[in-house]
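Take a look at the structure set out below.
The values are calculated or read from the model by the stated rules, or taken from the named source; none is laboratory data. No experiment lies behind these values; they were computed from the predicted model shown. Positions of Cβ are backbone-derived with ideal geometry, glycine not excepted, and every protein chain shown enters the neighbour counts. Only protein heavy atoms, including side chains, enter the accessible area calculation; ligands, DNA and RNA are left aside. Shrake-Rupley method; radii C 1.70, N 1.55, O 1.52, S 1.80 Å.
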Amino acid sequence: MSTLTNLKLVAAKRPGSMPQIVQRRNRLIAKIWEQTELAKAQQAGTTFSPTKFRSVKNAETGERRNVEVQKRVRAWWWTAESGKVCMSVRYGTKTLELAKGKTAIEVGTLAELIPTLETLKAAVEAGELDTQIDAISSQMRSGFVAK
């Protein structure tokens, strides 16, 4: 018992589930992390290809098994006509409207891309894009309505 006295004991209950908006934030933060890693790899001259597991069925035996496959990550940034790098933020297949009528961020150069992604990640963690995420997710959900 003397060992337990060194620890701070509290009466706490683990929550059953996270709020929906927190799950959506975490999903977007994971995608921003992928974009950051892709930008770092592009600057270093290497490739970034995370893996995911896919369930495949053997045609002969009918047995299902999980195989690890390369996940394709598409860059959110491009070079505009002015020569500056621009970036849009995507949630699923939709582009987030960051401000009224504005869907892209002008980054400038490729070297400024990673700090811009870090700033964007901090904004998502602070909940600054919650209304945009909620609007896009409800728009995406409306596509799945049973007819």
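Could you list, in sequence order, all residues of the stretch 93-125 that are small (Gly, Ala, Ser) and more than 15 Å from the chain's Cα centre (by Cα)?
The answer is Ala99, Gly101, Ala104, Gly108, Ala111.
Name every residue in the stretch 110-125 that is at pLDDT below 90 and open to solvent by 70 Å² or more (accessible area, probe 1.4 Å), in order of residue number.
The answer is Ala111, and nothing else.
Go through the stretch 10-92 and tell me which strands (runs of 3 or more DSSP E), entirely inside it, have 3 or more residues that are under 14 Å from the mean Cα position of the chain (by Cα) and modelled with pLDDT of 90 or more.
Passing ranges: none, list empty.
For the stretch 126-142, what are the residues that are touching a residue at least 60 places away in the same chain (Cβ under 8 Å), open to solvent by less than 20 Å² (accessible area, probe 1.4 Å) and in a helix (DSSP H, G or I)?
Ile133, Ser137
Starting from residues that are touching a residue at least 24 places away in the same chain (Cβ under 8 Å) and aromatic (Phe, Trp, Tyr), keep the ones in the stretch 73-117 and report whichever is nearest to Gln43 (Cα to Cα).
Trp77
Table: residues versus (1) under 18 Å from Leu38 (Cα atoms); (2) outside any helix (DSSP H, G or I); (3) touching a helix residue (DSSP H, G or I) at 6+ places or on another chain (Cβ under 8 Å).
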site	(1), (2), (3)
Ala111	yes, no, yes
Leu117	yes, no, yes
Lys121	yes, no, yes
Val124	no, no, yes
Phe144	no, yes, no
